[in-house]
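Taking it in order: structure first as structure tokens, then the write-up.
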Amino acid sequence: MTAPTQADIDREMRAAGDAYAGRRAAGSAPGEHPARDYPPYRSSELRHPRQPLTVVQDPDAMELSGPVFGAADVTALDADLTAHHIGEPLGERITVQGRVLDRAGRPVAGQLVEVWQANAAGRYAHRRDRHPAPLDPNFTGAGRCLTDDQGRYAFTTVKPGPYPWRNHVNAWRPAHIHFSVFGTAFAQRVVTQMYFPGDPLFAYDPILQSVTDEAARGRLVASYDHGLSVPEFSLGYRWDIVLDGPVATWTEDTP
């Protein structure tokens, strides 16, 4: 089978967008979350659930065999991804701050927020990433923090680079940072992605475009905030995570 080209994927994304616009014109509610089997995102056809959901009688039991996280283990150093090694990482240093909010706009305090990302060259420090871009010995691309009483989080890192992936011929992902919020238990974990304003790859990316509602898609893009920029140190970006409701942030495990 011939691999699809970007033009093929573009046509499929336009068709999906036109279908969504038609449903909205007919009176359907906004669809903030993408279909699990969004065709332009090829691997979603193989990975999305096909069977009815299974009711878990004791959801806390899964934590007995899952990763262990604890507030006592989180230190201030964990939130600075540029300070985990002997030397300085390469790339544009940035500060990312925001708030975790509920559907009513109330702050969600004491939440474990984790991030992971590619380095400035667009490569993850992971053995399965074979992208022929340089690894940075001073950057592993993972951090975490706890939100404060106002639901605020803050990370210092470097701006990640775009990278190729094999969804179709000449497929490139826009620069992004993965976020996860753990709620009050590991079973409540939600995962999402933050993007950077003005990225020219937005229109070509089927993962981002799978969020067919334009307003919902826009909520995944951080805003540059000059007030967060640190003089002679880093540029500042602001991005809030809304956990539920009509302005919720799209998450990767929400239907």
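Structure notes:
- Members of segment 212-230 that are of a type in the set (Lys, Arg) and in a loop (DSSP other than H, G, I, E, B): 219
- Conditions (1) within 28 Å of residue 9 (Cβ to Cβ); (2) in contact (Cβ under 8 Å) with a residue 12 or more places away in the chain; number of the one not met by residue 165: (2)
- Residue check, residue 9 assigned to a helix (DSSP H, G or I), modelled with pLDDT of 90 or more and under 22 Å from the mean Cα position of the chain (by Cα): yes
- Subset of segment 17-69 [open to solvent by less than 90 Å² (accessible area, probe 1.4 Å), at pLDDT below 80 and either in contact with a strand residue (DSSP E or B) (Cβ under 9 Å, 6 or more places away or on another chain) or not in a loop (DSSP other than H, G, I, E, B) (or both)]: 45, 59, 61, 63, 69
- Cβ separations smaller than 8 Å between residues 6+ apart or across chains give the following pairs from segment 81-100 residues that are more than 24 Å from residue 151 (Cα to Cα) and of a type outside the set (Val, Ile, Thr) to residues that are open to solvent by 60 Å² or more (accessible area, probe 1.4 Å) and assigned to a strand (DSSP E or B): 92/235.
- Top-ranked residue of segment 107-129 - restricted to ones that are open to solvent by 40 Å² or more (accessible area, probe 1.4 Å) and part of a strand (DSSP E or B), ranked as farthest from residue 166 (Cα to Cα): 107
- Selected residue (criterion: modelled with the lowest pLDDT) from residues of segment 88-106 that are surrounded by 13 or more Cβ atoms within 10 Å (Cβ to Cβ) and assigned to a loop (DSSP other than H, G, I, E, B): 102
- Any chance residue 176 is in contact with a helix residue (DSSP H, G or I) (Cβ under 9 Å, 6 or more places away or on another chain), open to solvent by 10 Å² or more (accessible area, probe 1.4 Å) and not β-branched (Val, Ile, Thr): no
- Sole residue being in contact with a Gly (Cβ under 6 Å, 6 or more places away or on another chain) and closer than 22 Å to residue 183 by Cα, chosen from 108, 74: 108
- Test: residue in segment 199-211 that is outside any strand (DSSP E or B) and more than 30 Å from residue 35 (Cβ to Cβ): no
- Residue in segment 130-147 that is open to solvent by less than 40 Å² (accessible area, probe 1.4 Å) and touching a Cys at 6+ places or on another chain (Cβ under 9 Å) present: no
- Residue 248 vs. criteria part of a loop (DSSP other than H, G, I, E, B), at pLDDT below 95 and open to solvent by less than 50 Å² (accessible area, probe 1.4 Å): yes
The values are calculated or read from the model by the stated rules, or taken from the named source; none is laboratory data. Everything numeric in this text was worked out from a predicted model, so none of it was measured. Virtual Cβ from ideal backbone geometry, glycine too; neighbours counted across all protein chains shown. To get the accessible areas, we keep the full protein, side chains included, count just its heavy atoms, and leave off ligands, DNA and RNA. Shrake-Rupley method; radii C 1.70, N 1.55, O 1.52, S 1.80 Å.
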